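Chemist: Got a structure for you, questions after.
The values are calculated or read from the model by the stated rules, or taken from the named source; none is laboratory data. All values derive from a computational prediction rather than experimental measurement. Here the Cβ positions follow ideal geometry from the backbone for every residue, glycine too, while neighbour counts run over all protein chains shown.
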2 protein chains.
Amino acid sequence: MNIGIVGLGLIGGSYAKSLRKYGYKIYGIDIDQKSLDYALQHNIIDFGDKNPKDILKNVDVVFICLYPEETIKFIRKNINNFKRGAIIADVVGIKRNIIDSLDIYKDDDVEFVFTHPVAGKETSGVINSDEAIFQGANFVITPTKWNSEEAINVITILAKQMGFSSVSQISDVAHDDIIGFTSQLTHAIAISLVNSDDEKYNTSLFIGDSYKDLTRIAKINEDLWAELFIKNKDFLLKHINKFERELDILKDAINAKDFEGLKELMRSATLKRGKIK
Amino acid sequence: MNIGIVGLGLIGGSYAKSLRKYGYKIYGIDIDQKSLDYALQHNIIDFGDKNPKDILKNVDVVFICLYPEETIKFIRKNINNFKRGAIIADVVGIKRNIIDSLDIYKDDDVEFVFTHPVAGKETSGVINSDEAIFQGANFVITPTKWNSEEAINVITILAKQMGFSSVSQISDVAHDDIIGFTSQLTHAIAISLVNSDDEKYNTSLFIGDSYKDLTRIAKINEDLWAELFIKNKDFLLKHINKFERELDILKDAINAKDFEGLKELMRSATLKRGKIK
């Protein structure tokens, strides 16, 4: 099986590194010659080309590791270049928008499997790619009514080989709902927490691990995340509002010096967090 | 120099472990015989006693590693038991309340140095104590007008020996202000984030490191933290409100689909977070 990876960034590079161990031939496509050169020199890919045409007709599975809008553009532009029967998977962090944007998934010649590897780090580019980021991580597939069991199985196996510990299936709507909570809300909080620092004191001298942990993701790729926030606006706003209501309950308890009420909120959080694996 | 540690919990046990390496005789005091036995059996302390009286008259530096109210009670009860000239340091995470509660710091016979080791983890008890939690961490001293340079120096040296990378001095008011931001606000956020999970889906299957990092501290010691929240009510509420204002700015940008505005908020967060060491 030949695997194509479009976009040799952090995710694409990490996909390539983790899959090459299994003996798949890895074909890289990137508009940046430097990324291709780096990936070839470091044995991350077997072949690389700026021009997708020649590669696409040779690969059985194509992972498109681009930003949301770029993913849609790439697919539209290359819809006639894929190999007949190819499986095409994306890595976009929100699913309704991309599925709705692509009428072409009814196409007979190729099959789209929409996926979200819930993994990353605060750096970008193939130079920072690292297959370790997938170890024990979650991989989510949002099947459409046109998906075959075979294609879903192929992607599931590849995801497991990459190191993901869980590969689950959920609807695109449910995906955007829960990811709006687990991923986008957390980034919105981290950004706002850091931005609310008035820097009256030398913050670095008064932090512990809690501040470091809660703000690590405030170092954020703004082009990607502004797009994700806006495209998942409805669910993200719902979750921000829900979070603010919880914070207000806590605030009321502090304001009333309600020791028992505060302890109850803390016990509830401890219990709920304990369920998270 | 003999060092007394009152309260062999996570912090007390970690203090003992890190200081014993330097050859100090470590005297442990705890109301729980099991903790004393564990500490003795594991060579964490040299001597241990449930009764503070005999120990206190032998130790030159006493670290009181108890919760805020317990710290005040212990000092009041034992004020006549300390060795003449002893230095007494606490570990309480808020400073105005404890300093204001202790009229006795004007006492000639002993000297109080109020300190806050900004370190910890989500477990408790001497069994979980680990001197590694101090490596590279911040240690804060809030001097009073009665403090001598000598006593501050002794505590500074001991903190450095324990592994703290920064030992800084700040007023009690400023301490409670900045710690209300870096420590208490972060815990308030983590609690509310977890409590806002409606558990409609199996959250564990859809999380990445961001959710794990932002909620790690939601597993919280409710007796300690409810006390800290209430005792630092003014500053904590100020910081929650400031954070909510920032979150509202972000919400407005999402609502308006203001791509450039969102990117600007993200760039600001990236820049500010980049300054944190």
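Chemist: So B:Glu70 clears everything in (1) surrounded by fewer than 23 Cβ atoms within 10 Å (Cβ to Cβ); (2) over 16 Å from the mean Cα position of the chain (by Cα); (3) part of a helix (DSSP H, G or I) except one condition, right? Which one?
Modeler: (2)
Chemist: Only residues that are farther than 19 Å from A:Lys212 by Cα and more than 7 Å from every other protein chain (Cβ to nearest Cβ): list them for the range B:192-216, please.
Modeler: Within the range B:192-216, B:Asp198, B:Glu199, B:Lys200, B:Asn202 meet the criteria.
Chemist: Hey, any hits in the range A:255-266 for a residue that's within 7 Å of another protein chain (Cβ to nearest Cβ) and part of a loop (DSSP other than H, G, I, E, B)?
Modeler: Yes, the range A:255-266 has at least one match.
Chemist: So, one more: Filtering the range B:207-237 down to residues that are out of contact with any strand residue (DSSP E or B) (no Cβ under 7 Å at 6 or more places or on another chain) and not in a helix (DSSP H, G or I), which residue is surrounded by the most Cβ atoms within 10 Å (Cβ to Cβ)?
Modeler: Top of the filtered list is B:Asn232.
Chemist: Can you pull out every residue in the range B:127-169 that is at pLDDT 95 or above and either among the β-branched types (Val, Ile, Thr) or in contact with a Cys (Cβ under 9 Å, 6 or more places away or on another chain) (or both)?
Modeler: Of everything in the range B:127-169, those that are at pLDDT 95 or above and either among the β-branched types (Val, Ile, Thr) or in contact with a Cys (Cβ under 9 Å, 6 or more places away or on another chain) (or both) turn out to be B:Ile127, B:Ile133, B:Val140, B:Ile141, B:Thr142, B:Ile152, B:Val154, B:Ile155, B:Thr156, B:Ile157, B:Val167.
Chemist: For the range A:37-56, how many residues meet the condition of being assigned to a helix (DSSP H, G or I) and in contact with a helix residue (DSSP H, G or I) (Cβ under 9 Å, 6 or more places away or on another chain)?
Modeler: Looking only at that region, the number is 5.
Chemist: (1) part of a loop (DSSP other than H, G, I, E, B); (2) in contact with a His (Cβ under 6 Å, 6 or more places away or on another chain): which one isn't true of B:Asn81, the others all being true?
Modeler: Just one mismatch for B:Asn81, condition (2).
Chemist: With the condition kept exactly as written, say whether any residue in the range B:187-198 is surrounded by fewer than 23 Cβ atoms within 10 Å (Cβ to Cβ) and over 27 Å from the mean Cα position of the chain (by Cα).
Modeler: yes
Chemist: Filter the range A:146-169 down to the residues that are aromatic (Phe, Trp, Tyr) and either under 16 Å from the mean Cα position of the chain (by Cα) or surrounded by 17 or more Cβ atoms within 10 Å (Cβ to Cβ) (or both) and list them by number. Give the derivation first.
Modeler: First, the residues of the range A:146-169 that are aromatic (Phe, Trp, Tyr): A:146, A:164.
Scanning the range A:146-169 gives a single hit, A:Phe164.
Chemist: Has the range A:74-85 got any residue that is under 22 Å from A:Lys231 (Cα atoms) and surrounded by fewer than 18 Cβ atoms within 10 Å (Cβ to Cβ)?
Modeler: Checked the range A:74-85: at least one residue is under 22 Å from A:Lys231 (Cα atoms) and surrounded by fewer than 18 Cβ atoms within 10 Å (Cβ to Cβ).
Chemist: Of these, A:Lys219, A:Lys231, A:Lys238, which one is within 7 Å of another protein chain (Cβ to nearest Cβ) and more than 27 Å from B:Asp234 (Cβ to Cβ)?
Modeler: Within the list A:Lys219, A:Lys231, A:Lys238, the selection yields A:Lys219.
Chemist: Follow-up. So is B:Arg273 surrounded by fewer than 16 Cβ atoms within 10 Å (Cβ to Cβ), over 19 Å from A:Ser268 (Cβ atoms) and either out of contact with any strand residue (DSSP E or B) (no Cβ under 6 Å at 6 or more places or on another chain) or within 7 Å of chain A (Cβ to nearest Cβ) (or both) or not?
Modeler: no
Chemist: Next up: Any residue in the range B:260-277 that's in the same structural domain as B:Phe243 (by TED's automatic domain parsing) and at negative phi: show its pairings with residues that are of a type in the set (Phe, Trp, Tyr) and surrounded by 14 or more Cβ atoms within 10 Å (Cβ to Cβ) at Cβ separation under 7 Å, as long as the two are six or more apart or on different chains.
Modeler: As it stands, the answer is B:Leu262/A:Phe229; B:Met266/A:Trp225, since those pairs meet every condition given.
Chemist: Right, something else. Evaluate the range B:159-175: report whether one residue or more is β-branched (Val, Ile, Thr), at the interface with chain A (Cβ under 8 Å from one of its Cβ atoms) and assigned to a helix (DSSP H, G or I).
Modeler: Filtering the range B:159-175 for residues β-branched (Val, Ile, Thr) gives B:167, B:170, B:173.
If we keep only those that are at the interface with chain A (Cβ under 8 Å from one of its Cβ atoms) too, we end up with B:170.
Still in the list and also assigned to a helix (DSSP H, G or I): none.
Scanning the range B:159-175 turns up no residue that is β-branched (Val, Ile, Thr), at the interface with chain A (Cβ under 8 Å from one of its Cβ atoms) and assigned to a helix (DSSP H, G or I).
Chemist: Also, quick follow-up: If a residue must be crowded, with 22+ Cβ neighbours inside 10 Å and of a type outside the set (S, T, N, Q), how many such residues does the range B:20-47 contain?
Modeler: Residues meeting the conditions: 8.
Chemist: Filter the range B:188-203 down to residues that are part of a helix (DSSP H, G or I) and free of Cβ contacts under 8 Å to residues at least 40 places away in the same chain and give me whichever is farthest from B:Val118 (Cα to Cα).
Modeler: If we filter the range B:188-203 for residues that are part of a helix (DSSP H, G or I), which is where we start, we get B:188-195, B:203.
Still in the running and free of Cβ contacts under 8 Å to residues at least 40 places away in the same chain: B:190-195, B:203.
Values: B:Ala190: 18, B:Ile191: 19, B:Ser192: 22, B:Leu193: 23, B:Val194: 23, B:Asn195: 25, B:Thr203: 31 Å.
Out of the qualifying residues, it is B:Thr203.
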